[in-house]
Each structure stands twice: as structure tokens, then as C-alpha cells.
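What follows is a single structure, written as C-alpha cells, with notes after it.
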Amino acid sequence: MSDHWKQIEKEMESIRAKNLYRQCKVTTGIDFCSNDYLGLSKHPELALAFKNALENETVGSTAARLVRGHRQIMEDWENEFSLFVSSEASLTVANGFVANFGLIDTISDSRTMIFTDRLNHASILDGIRISGAIKKYYNHLDLDHLEEQLERAIVGEDTKSKKKIIVSESLFSMDGDKPNLQRLVALKKKYNTVLVLDEAHSFGVFGEKGRGMAFADLSREEIESIDYRIYTLGKSLGLEGGIIATTKLGRDHLVNRMRSFIFSTASMPAIYAAAIKSLSLLRNMGQERIHLLHIADILRMGLVEHGFAVAPTISHIIPILMDSEEQALYYSAELQKEGLDVRAIRPPTVPTPRLRVSLNATIQESDIRNLLANLIRIREGKKANF
Ligand SMILES: Cc1ncc(COP(=O)(O)O)c(C=O)c1O
């Protein structure tokens, strides 16, 4: 065996020894772990829109959008989406990961300072890494800490010419909590920084007609002062793709400079046609949004009442903190046996092991009661094991 494969084998052994081994599992049971928050991925009207589009378009786009991969339906989609989120323009890319990664790489260089919440998504952190920018972490949701870092950055004369970027999620994917968006925008203005806000998990659930957290917490003027907003088609919209909402100039710049856009085949045209349908369904799902937040309240209160360690979530993403990776895996396996698809999330995805329960609007109150009863049963039955 070559040195390379020996090293890989050793790494895998170490992953297993730490209970951090991961495997893709075929989906079964009631969905308590996807990001399909409105259940749109299985909506018959969306499936039909996708099927019809396949008949009218080539299946694959055949090339990058700057070559022969571009279609009218892509422009129609981006215009509709921009209108919906009050953005001058938007650009759709392969997925949300590419949106964050490619955007941050494109707008930064080694003289840029990027201020990032410690718990921002891997796509944001990897974008910073690949750009070569100077990374400044601030503690999770701690905007006093962010301001201290910004103050420190402007003190040094030589740093004055550096571009500064603040980047945060508007609803944290693994914790279900959110920053004070008004303060974030105020800091952006006070320190004259660029602001990138990732709306991946709030879109479809929060804000008027599901427009996202910015619409729940900010004025129109504040929203429009955010330089880039990131959305994904892969969560509430039930499809796949990433969207960067920005100014016309910002979009034009990305089309000319963003390597992961320029040098990659455009997504299947049918996805854009389906996206238009999905957006028209999503905006009218007010009852589903109310139901989703209602069942989230029931679960959160039930967990707290029964003494589970619940992270301070305000949303449909409810992390149940576990003492160890082993315990998280055990609970997940036991719940799976009951047909309840709850997954253990472990380092390095999160600093502390947990069950990340993410609810969707197709879940019934009886499912929530079933989940709670099983969590209690597992804890009572197996206390001795931990
Ligand atoms: C906050 C955040 N941004 C971006 C992404 C990436 O989006 P996508 O799954 O569309 O690649 C994720 C994925 O989970 C995410 O949690």
C-alpha cells in the first residue's frame, strides 16, 4: 500500500475511533431532518411544472451560461425572484455553497478583512479561505465583539485602505438562532463595510410571504443597504440551486469575474421553470408557515418541560444538545427504528454533538407528540448506558 493510502486508512481509523464516521443513508421514516421546510419538494404542482419544462427545454443546459447554457427561462426566473426580494438583480448558480464560496472569493483579495460569525456555514468559511482574505472571527451572535474587532481594524493606519466585509447567516442552520439584523446593518453603515447576509434557512418561513428574515426585521431601506443576500433553491423552494441577490452592477461584476459561475455548466433549464412555480406556491403558503412555527413551539416547549438541553432557538430548527457523539448516534439510531428520521450532527459540522430536529409544514402535531414520547422513552430506558 502506498504512503498515500496508508495515511488515508489511518485517518479513517481515527474518524471511527472518535465516533465521527459518517455514511449516506437512504431516506426512510418521517422527515425530521431535511430543509424542505414547506414540503415543496413533494408538491404535485411543482413536479408537474418540472415535467412540462423538460418537454420544452433541452434536458441539460449543455454549457456555461456565458456560452450556450443560457436560456430565457433563466432570466425570467431571476427577474421574478429579484422582484420578490426587492433586489435590483440576482444571479443563480449551481447551489448555495457555490453562491457563498464563489461570491466571497470574487469580492475579496488578500488585503480584504472579513468579519465572520464563528458559526457561519462551511461555504462562507471556505470562500474566505480560498480568497486569501484576512479572517476575523467574532463570537456567535456577539455584535459587541464584532464592533470591537471593527474598531481595532480601523485604528491601524495601514488597514484603512482595506476593504471590510461582514458576513452572517440570518438564521443559523445548526442552531436555529439569529443575529440582531438591525444592529448588523447599523454596524455595516457605521464602519462602511460590505454586508453579506445568508438567508438560506429563513427564506420561505420568515418575513412577509416567506421573503426571509430581512423582511421580518428590517425596513425596506435597511434591506436595500445589504450588498449581497444569499438564498438557496435547495431548502424551502424544494429544488436545487443558489441565488445571489444584489445590484445590477454587482450581478454584472459576478458574471464577469465569478469563476464558479463562468467555468461551470449551467443547471438544467427545467429547474428554473420549476423555480418560478415553486416561488408562486411558496408566497401563498401562509397557513403552512403558521403551522410550522406552531409545531416548533410545541416541540420546543415539550423538550424544555421534560428537561432536554435545547439550544436557544427561535425557529423551526431545534437542536437537542447531547453529552457525546456516542449519545447523539444512539438516540438517532433508536428514533430511526421507530420511523422517525432524526439525525445526529457531530463535529466538525458543529462544535457540540446534537440531534438537529428541523421541522417542516407537512409534520402533524401527532408526529411531534410521537417524537417527544420516544425521546423520553429512550432517555428513561437507557439512562444507565450514559
Ligand atoms: C447557511 C447555509 N448557506 C448555504 C448553504 C448551502 O446551500 P446548498 O445546500 O444549496 O448548497 C447551506 C447548506 O446547508 C447553509 O446551511
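The values are calculated or read from the model by the stated rules, or taken from the named source; none is laboratory data. Since the structure is predicted, the reported quantities are computational estimates derived from the model, not experimental observations. Positions of Cβ are backbone-derived with ideal geometry, glycine not excepted, and every protein chain shown enters the neighbour counts. Heads up: the accessible areas ignore ligands, DNA and RNA and are worked out on the full protein's heavy atoms, side chains in. Shrake-Rupley method; radii C 1.70, N 1.55, O 1.52, S 1.80 Å.
Across segment 18-71, the qualifying residues are those that are modelled with pLDDT of 95 or more, assigned to a loop (DSSP other than H, G, I, E, B) and charged (D, E, K, R), and the one among them that is farthest from the ligand (Cβ to nearest atom) is Arg68. The test for being modelled with pLDDT of 95 or more, open to solvent by less than 50 Å² (accessible area, probe 1.4 Å) and not in a loop (DSSP other than H, G, I, E, B) holds for Asp105. Scanning segment 275-299 for residues that are buried (at least 19 other Cβ atoms within 10 Å of the Cβ) and acidic (Asp, Glu) turns up just one, Glu288. The residue that is surrounded by the fewest Cβ atoms within 10 Å (Cβ to Cβ), among those in segment 74-102 that are hydroxyl-bearing (Ser, Thr, Tyr) and either more than 16 Å from the ligand (Cβ to nearest atom) or farther than 20 Å from Ala53 by Cβ (or both), is Ser86. Looking only at residues of segment 329-386 that are in a strand (DSSP E or B) and of a type outside the set (A, V, I, L, M, F, W, C), we find that the one that is farthest from His140 (Cα to Cα) is Asp341. In summary, helices (runs of 4 or more DSSP H) completely within segment 179-265 and bearing 1 or more residues that are β-branched (Val, Ile, Thr), surrounded by fewer than 23 Cβ atoms within 10 Å (Cβ to Cβ) and away from the ligand (no atom under 16 Å from the Cβ) occur at 181-190, 220-224, 248-257, 259-262. Checked against the criterion of being open to solvent by 20 Å² or more (accessible area, probe 1.4 Å), acidic (Asp, Glu) and within 26 Å of the chain's Cα centre (by Cα), segment 49-56 has no qualifying residue. Scoring Gly302 on the criteria (1) surrounded by fewer than 19 Cβ atoms within 10 Å (Cβ to Cβ); (2) in a loop (DSSP other than H, G, I, E, B); (3) not acidic (Asp, Glu) leaves a single failure, condition (2).
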